[in-house]
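Remarks on the structure that follows.
The values are calculated or read from the model by the stated rules, or taken from the named source; none is laboratory data. All of these numbers come straight from a predicted model, not from anything done at the bench. As a convention, Cβ positions derive from the backbone with ideal geometry for all residues, glycine included, and neighbour counts pool all protein chains shown. Note: accessible area is taken over every heavy atom of the protein model, side chains too, but ligands, DNA and RNA are not part of it. Shrake-Rupley method; radii C 1.70, N 1.55, O 1.52, S 1.80 Å.
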Amino acid sequence: TTHFGGMPGINCTQATEFSLAGFTEDPASQVTLFLFFLLTYLVTILGNLGMITLIRASALLHSPMYYFLGNLAFVNLCTSTIITPRMLVGVLLGKKGITYAGCMAQIFTFGLSLVTECFLLAAMAYDRYVAICHPLLYPLVMSPERCSQLVTGSFLLGLTNGVGQATAMSSLFFCSPSAIDLFFCDISMLISLSSSDTTLSLVILRTSSSLLGVPSLLVVLVSYVAIISTILSISSAEGKSKALSTCASHLAAVTAFYGPLIFMYLIPRSDTSRGGDKWAAVLYTVVTPMLNPWIYSLRNREVKEAWRRLRKIK
């Protein structure tokens, strides 16, 4: 046993692995879940890799919006790959254990991906704002250099978040055995499991949420307030429809991303009413990365046209 500081009188063994809760113990349901998650993961890989390939191959899609979308597809691939394969192994083989190092790796990579996606969605909202509200300035404002800076900044902020979260978690002590009531290592649940003083970890978590999550969401909201105001001032119905169609895909992606996150982390509720957390987590870790490329493919004429041209060349 080990005695640790900050919590006098408590002795226990440091956890070397965590147990991740599954969705059900029923064998028939486990097979159904495995097939669902496997199909979702394959569609995610196919959709996002296809989107990245199409954007690189088609000159029609060499514009700021699709440059951001290509990077978003890469982040979606990473997010899904961090979570889903490990979950598939757990559902199929019943292996619920994840090593301490594996858990910290999930915290780091997921923290990186989550914040990077927040700022990429903000950059895309800003891109739509400039395109609709200041079209004459668009080529100047959204230059290749500016777009590259926005993407690089998004990844650097994501990296900062990942390092901060992993550092905060690695300083905590966990008694063995430790069970997480989720299918991946979620930072808020890990903090609640820790046997040591979690004050610093909670401060880091809340600070990163405030300094990184809130500004990116504000950029999206302010951009769309300005966009809607501009669209309403357009006199022709055709002009309004065209302006709205350029935003519809991004707005759907933002809703699919932020909706489950807000439900999971920002809506206060008691421990007994947290039953929906697992499915909210499925939405933003598994389903949303799958949906994004299809949202942009099905609703976007340029993507459809680029796909047609590529098929003709082949």
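See the values below:
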| item | result |
| --- | --- |
| Sequence of Trp294, Trp307 from largest to smallest accessible area, 1.4 Å probe | Trp307, Trp294 |
| Segment Leu156-Lys240, length gained on full extension (0.36 nm per residue, minus Cα span) | 26.6 nm |
| Residue-averaged 222 nm ellipticity for the chain, from DSSP H runs of 4+ at -39500 (n - 2.57), nearest 500 | -24000 deg cm²/dmol |
| Calculated from backbone phi, Karplus (6.51, -1.76, 1.60) coupling profile of region 161-172 in Hz, x at Gly/Pro | 5, x, 5, x, 5, 5, 5, 4, 6, 5, 8, 8 |
| For the chain, with +1 on Lys and Arg beta carbons and -1 on Asp and Glu, the positive-most of Gly102, Ser201, Val282 along the dipole | Val282 |
| Given charges at beta-carbon only (K, R positive; D, E negative), |dipole| of the chain in Debye | 1180 |
| Chain lengthening between Ser192 and Ser210 when straightened (0.36 nm per residue, less Cα-Cα) | 4.5 nm |
| Computed lengthening from Ser143 to Thr16, 0.36 nm per intervening residue step minus Cα-Cα distance | 40.8 nm |
| Order of exposure, largest accessible area first, which applies to Asp127, Asp197 with probe 1.4 Å | Asp197, Asp127 |
| Cα-based helix-to-principal-axis angle, 100-133 vs the chain, degrees rounded to 10 | 20 |
| Interchain or long-range residues, amide H under 5 Å from Glu17's placed H | Tyr100 |
| Whole-Hz couplings from phi, Karplus 6.51/-1.76/1.60, listed for region 31-42; x for Gly and Pro | 5, 4, 5, 4, 5, 5, 5, 5, 4, 4, 5, 5 |
| Positive-end residue of Ala226, Ala166, Leu190, charge dipole of region 17-307 with Cβ unit charges | Ala226 |
